[in-house]
Amino acid sequence: MIGKADQIFVLLQHWIMGFFPPAWQAVVGILLGVVAILIVFPTLFALSVLLERKGLGRMQNRYGPNRVGPCGILQPVADAVKALIKEDIVPFKADALVHFIAPLVLVVAVFMGFAVLPVGRNMVLVDMDASLLFFFAMGASTELAVFMAGWSSHNKYSLLGAMRAVAQMISYEVPLLMTTVVVVMISGSLSLVKIVEAQNHFSGIFPHWYVFTPWGLAGFVLFLIASMAETNRSPFDLPEGESEIIAGYFTEYSGFKFALFFLGEYVGMLGIAGLGTTLFLGGWAAPFAFLNWVPSWFWFFAKIMLWICFFIWMRGTMPRLRQDQLMNFAWKFMLPMTLINLMVAALWRFVDEAWLRWAVCWIIVIGAYVAMGRMGMRRKRIAPRRYRYAE
Amino acid sequence: MLGEGILKGLAETAKNFAGSYVSKERLTTVQYPEERIPTSESARVFPFLVYDGPDWEAGLRCVACQICEKECPPKCIYIEKSKDKKPDYVGKLQIYPARFDIDVSVCMSCQICVEVCPFEAIKMDVEFELSTDDRFGGLLRNRQHLAKSNEYYHQIHPTEASEVDARLGEEKAKLEAKAKAAAAAAAAKAAAPAAPAAKPAESTPKPAEGTDKQ
Amino acid sequence: MSFAFYLISALTVAGGLAAVLLRNIVHCVLALTVAFAGLALLFLQLDAQFAGFAQILIYIGAVAILVIFAILLTRDPQVSQGKGMFSRTWVTGLLIAAAVFAVMGWAVLASAPALPNETSTPSVTVLQIGDALMSRYILPLEILALLLTAAIIGAVIVAMHEKVRSK
């Protein structure tokens, strides 16, 4: 069931590799993959920025950008040109070297993550054994870049933003890792390629994605929340809370370095969306058996763009959290839920009877969710707020 | 239940998102260069100089008294008095501004110049598209740019302009009445001392100016 | 021993030296992360993927950040205290460093003949590591887990204590 259209990029790569002597072919193949990543994901970045601006506009009953090109589709090009020709200002008291390196570290770390994402059947740059770990290792390096940016700017707002960002990213990295552990437990592999292959089965027309199991659904929701926090997206965008600390850690960046931060943020979003898709939504697997003829890479990109659309939707909906709410949510809700989810996954693995494990796992997951929600709500006493002086 | 509010919020934004494509009333944006809202009568943007009659240079109400120049908080007005004189709306000889420049980039649209002007000579315009690609010359408006006819003033601020016209007309009528009375008195007195006949006629505008300032 | 090995080693050593010799303490931490990254690359060069990535994830992602937090929360990083580059207890420091180096050197030298003369590195998958951790090394793992749990509880108690006192 592997068509030509499905493998078109792989065939293209081999065709180009054929022009080189055999000793060079491996290097050329890797280079081609790198070039493809460096072309495709920045393009998607431009697309998602445009989608975000238009979508947010529509949610607020505005038009959004509609001037540059037909319906404003050339807006990202205009933004890129603007970023390129703007003056690059380095503050006088800034640590010039670190200030310069920070955006580079961020962008490099973010792009490295794509090396292990299987974007289609046989389409992964490096198929390694511990690719999930690799992805998180690269994600962890971005924290350092953020700190470098905030500290080297020699600006209180930058430093505050960086500290907020680092604290938030560390706090949410714990649940993020724990939710992925569930998938690793069930599929028995850290390799993303194998995880996708484990999900690419169908019973009837319905796929066996992990999101359709109790532990998978819980893991998916937790992963979604944690990934929003990890990429500093609204409602977890405290590190760049415009109303409080200007732009957080990239307050002092301008011109192309700012564009690099912007790129890093959105490409990081695409990366984590790709990881979530791979872990829970079946990666490049088709959603229905009869849709298997559609190329696998199409499904992958369609899924990550859906994911991005959901991020935009959330951004249009939610107000920003407060710092204590953020931390309470991470440590008092997310972490216990992920731990319970780990136990549920273990039960799933070791209970053999199908109906029993479905029933037990659903009961535990839903029960834990309701109980923790109740507990959290009771402590906060959520009620219509009364203002003494406004009546 | 936990998360209920988030779902409600998501539904709300989704409703707005879809609604903005369906119903035009939701979109409050005015697509500016193509669409325009008519400026409201109370709009005030940038000062201009009012002139009466067909010729802008002869009809300028401004007498270069420089009160606005002194009162202007950001000091964006520059006036040079003329050497010669020309008759104003009541026919009296007055100095006129040889130069009257306002710097668009400095003006803060506070309207203080309008409030202090005793001659109803400077008023606020509604034109807001003052941007230009010439940073220096283009943003400095000289008196020819600034001069706009009284009819234009009527067009943009009808209520205010008719009030001003009524006031000026009243003063003019008062002055004429006074001049007539003085002329009559002079004519009555003309029998005995013929020599100082011209003097009271010339001193009459002064109290009129005083009433104007109120 | 390839060219890459020497390059990575030079990077690691340079990072370590910079971490010791630089005056600005935040620069020291950043240099230390370079050393960590170099170590991770060395692991990767030895085909030890799990160790290499864990090194990046834990040392760069957590330890370096923790050190940074500790520095920024305790004192002004711009001011370098003291005149000289060496502290007053440098003799003790040197002795400890020498002792650690001696033990490590002894361990490496002693273990060299114990290794069978393998030319190719055994390819250890993450699966095998997991199996080993859960079967043969279960006791050390549990002891470590207990230690970490104790550390977490200790940290919580320290934090709680301060909160009570401030009230």
What are the pairs with Cβ atoms under 7 angstrom where one residue, in region A:344-373, is among the aliphatic types (A, V, I, L, M) and the other, located anywhere, is part of a loop (DSSP other than H, G, I, E, B) and surrounded by 12 or more Cβ atoms within 10 Å (Cβ to Cβ)? Sequence gap at least six, or different chains. A:Val360/A:Val351
Would you confirm whether or not region A:91-101 contains a residue that is of a type outside the set (Lys, Arg), open to solvent by 30 Å² or more (accessible area, probe 1.4 Å) and not in a helix (DSSP H, G or I)? yes
Going through region A:131-162 one residue at a time, which ones are more than 19 Å from the chain's Cα centre (by Cα) and either open to solvent by less than 10 Å² (accessible area, probe 1.4 Å) or within 25 Å of A:Ser191 (Cβ to Cβ) (or both)? A:Phe147, A:Ala149, A:Gly150, A:Ser152, A:Ser153, A:Ser158, A:Gly161, A:Ala162
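Sort through B:Thr13, B:Thr28, B:Thr39 and tell me the only one that's exposed (fewer than 12 other Cβ atoms within 10 Å of the Cβ), among the polar types (S, T, N, Q) and not assigned by TED's automatic domain parsing to the domain that holds B:Asp101. Spell out how you get there, then give the answer.
Working: B:Thr13 fails: exposed (fewer than 12 other Cβ atoms within 10 Å of the Cβ); B:Thr39 fails: exposed (fewer than 12 other Cβ atoms within 10 Å of the Cβ).
That would be B:Thr28, the only listed residue that is exposed (fewer than 12 other Cβ atoms within 10 Å of the Cβ), among the polar types (S, T, N, Q) and not assigned by TED's automatic domain parsing to the domain that holds B:Asp101.
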Of the conditions (1) assigned to a helix (DSSP H, G or I); (2) open to solvent by less than 30 Å² (accessible area, probe 1.4 Å); (3) farther than 22 Å from A:Met269 by Cβ; (4) out of contact with any helix residue (DSSP H, G or I) (no Cβ under 6 Å at 6 or more places or on another chain), A:Ala115 fails just one. Which one is it? (3)
How many of the residues making up region A:273-317 are part of a loop (DSSP other than H, G, I, E, B) and free of Cβ contacts under 8 Å to residues at least 24 places away in the same chain? 1
Taking B:Lys8 as the residue in question, decide whether it is within 11 Å of another protein chain (Cβ to nearest Cβ) and open to solvent by 30 Å² or more (accessible area, probe 1.4 Å). yes
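Any residue in region A:44-51 that is without any contact (Cβ under 8 Å) to a residue 24 or more places away in the chain and crowded, with 16+ Cβ neighbours inside 10 Å?
No, region A:44-51 contains no residue that is without any contact (Cβ under 8 Å) to a residue 24 or more places away in the chain and crowded, with 16+ Cβ neighbours inside 10 Å.
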Take the conditions of a type in the set (Lys, Arg) and part of a helix (DSSP H, G or I) and apply them to A:Arg320. Does it pass? no
Which one of these is facing chain C (nearest Cβ under 9 Å), more than 30 Å from A:Trp297 (Cβ to Cβ) and among the hydrophobic types (A, V, I, L, M, F, W, C): A:Phe92, A:Phe100, A:Phe147? A:Phe147
Condition first: modelled with pLDDT of 80 or more, surrounded by 10 or more Cβ atoms within 10 Å (Cβ to Cβ) and over 29 Å from B:Cys65 (Cα atoms). Can you find one or more residues in region B:126-149 that meet it? yes
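The values are calculated or read from the model by the stated rules, or taken from the named source; none is laboratory data. No experiment lies behind these values; they were computed from the predicted model shown. Cβ atoms come from the backbone with ideal geometry, glycine included; neighbour counts cover every protein chain shown. The accessibility values were calculated without ligands, DNA or RNA, using every heavy atom of the protein model including side chains. Shrake-Rupley method; radii C 1.70, N 1.55, O 1.52, S 1.80 Å.
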